[in-house]
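Readers should treat all values here as calculations from the given coordinates under stated rules, not as data from a laboratory. From a predicted model like this one, the values you see are computed outputs, not experimental measurements. Every residue, glycine among them, receives a Cβ derived from its backbone with ideal geometry; neighbour counts consider all protein chains shown.
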Amino acid sequence: MVPDPHAYDAHNSRVPMDHDKSDAVVREGSTYLSDPEAEQLCQTFADGLESGIGYSRILDILSRQSFNRKTIDRLREALLERGDVLAAAFARYGVLDPSARKLILVADEQGVLPETFSQLSVIYGKRYKRKREFVMAMVEPLILVALGVIVFGNLMGEGFVEMALSANVVEQITDIAIKSLIQSAILALVCGFLSYVWLNLPVDFAPRDLFARIWLRMPVVSEPGRLSALSLFCRYLQQSIAGGMTVYQGLELASEASNHPGILKSAPAAQRMIEDGHTLAEALYVIRALPAEVLENIDIGEASGRLDERLEYLADRFEQKSVEAFKTRMQAYSSLTRYAVIILVVVMVFMAVLKLDIGV
């Protein structure tokens, strides 16, 4: 019997793994999932598949957890009634983001779905945790703005000295307090609404990805985001190769998942080098957005046959760096806000005194 030349993929081959064109799934809708919901979905599937239970029981568990009913019904229809494989069911209704769906497709073929879902759960969970920490870190600056700008501004705007010497000082202070309270409440409501929307953006949301790419181009302020993108790049590259993807395919998926403009721009050139027979480490040298630490560790990993271990180490390391950089930035922003409010208050007092002197 003549062996099938496409029965397997060479390590650096561009040829995709055999997917019958008839298996292509037409997307029938989009599924709204926030980061916490995506984390819950992935962790439940990871635990269920690890335990060996079927899709029906996993969906029942999600139902008992008060998970989104519409999503459960869609998955039940696709998996149990239509007989879709898991990746096809997710693709049909737009469950999770495109990079995660591609990773699930390969993991399903290679039989490593529990590990893949567990990693995806961690990724979604950490992303939500970073966003929540950012929102909480902005509470103090918001209070400073409310007290320093709104309250003090209203006091100075009404003529503090004249008010203090007037007969109805209590009434005027009460009016200023009510006015300041209303303005502060409006500011808090607006910021709270924006925070709620940002924390609950769907995982598959093109405008968010576009904004992230714009943000990552900004110097200094975007360092935590860039480090997080590098962590995602290494994490998805490790997961895709471990799941059975070729290096060519894994590089494409990892680039998309990182959403880093520098990596996305240079990834096609790196893929062409892989096509020409270069190793992954050699190909990645054309991606200038990757630091030397990534290139050196991948080179060592390929030479020693421990690429999976090196990529996992890099993903964890850059995640930790991202957390540290985020905390440093937030401390700096809080300090800058304090100083800015203090300077503004001093300027307002000076202007009030100057106005009083001119009046005299």
**OP:** Using the Karplus curve 6.51 cos²θ - 1.76 cosθ + 1.60 with θ = phi - 60°, work out ³J(HN,Hα) for each residue of the stretch 312-322 in order, rounded to whole Hz, and write x for Gly and Pro.
**Re:** 5, 4, 5, 4, 5, 5, 6, 5, 5, 4, 5
**OP:** Please determine, in degrees from 0 to 90 and to the nearest 10, the orientation of helix 113-137 with respect to the longest principal axis defined by the Cα atoms of the chain, where the helix direction is its Cα long axis.
**Re:** 10 degrees
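So, counting K/R as plus one and D/E as minus one, what does the shell of residues with Cβ under 13 Å around Ala303 add up to?
-3
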Original post:
Angle, helix 261-275 long axis vs. longest principal axis of the chain, Cα atoms, 0 to 90°, nearest 10?
Top reply: 10 degrees
Original post:
Across the stretch 297-310, in residue order, what do the Karplus-derived ³J(HN,Hα) couplings come to in whole Hz, using 6.51 cos²θ - 1.76 cosθ + 1.60 with θ = phi - 60° and x for Gly and Pro?
Top reply: 5, 5, 4, 5, x, 5, 5, 9, x, 10, 4, 4, 5, 5
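May I ask for the net charge around Ile287, where only other residues with Cβ less than 15 Å from the Cβ of Ile287 are counted and Lys, Arg are +1 while Asp, Glu are -1? Display every interim value, and only then the final one.
Details: positive: Arg226, Lys265, Arg272, Arg288; negative: Glu252, Glu256, Glu282, Glu293, Glu296, Asp299.
Local charge sum for Ile287: -2.
Can you tell me the length gained on complete extension of the stretch Asp73 to Tyr285, counting 0.36 nm per residue apart and subtracting the Cα distance? If you can, show how the numbers build up before the last one.
On the way: separation 212, 0.36 × 212 = 76.32 nm, distance 4.63 nm.
Gain on stretching Asp73 to Tyr285: 71.7 nm.
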Original post:
What FRET efficiency would be calculated for the residue pair Ile214, Val135, taking the C-beta separation as r and a Förster radius of 22 Å, to the nearest 0.05?
Top reply: 0.60
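Kindly provide the helix-only [θ] at 222 nm of the chain, computed as the sum of -39,500 (n - 2.57) over DSSP H runs of four or more divided by all residues, to the nearest 500 deg cm²/dmol?
Working: 17 runs with 259 residues, N = 360.
After summing the helix terms and dividing by the residues of the chain, the value is -23500 deg cm²/dmol.
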Original post:
Which ³J(HN,Hα) values in Hz, rounded to whole numbers, follow from the phi angles of the stretch 69-76 under the Karplus curve 6.51 cos²θ - 1.76 cosθ + 1.60, where θ = phi - 60° and Gly and Pro get x?
Top reply: 5, 4, 5, 4, 4, 5, 5, 5
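Just the C-alpha atoms of the stretch 24-112: what Rg/Rh do they give, with Rh taken as the Kirkwood radius?
Details: Rg = 11.9 Å, Rh = 13.1 Å.
My calculation of the ratio gives 0.91.
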Subject >> Structure-derived log10 I(q)/I(0) by the Debye sum over Cα atoms at q = 0.08, 0.09, 0.10, 0.15 Å⁻¹ - corresponding label in (i) -0.54, -0.64, -0.74, -1.31; (ii) -0.41, -0.53, -0.66, -1.46; (iii) -0.48, -0.60, -0.72, -1.30 >> reply: (i)
**OP:** Note down the net charge around Gly148, summing +1 for each Lys or Arg and -1 for each Asp or Glu among other residues with Cβ under 15 Å from its Cβ.
**Re:** 0
Original post:
Could you state the principal axis extents of the C-alpha atoms in the stretch 82-233, from the largest down, to the nearest angstrom?
Top reply: 82, 38, 23
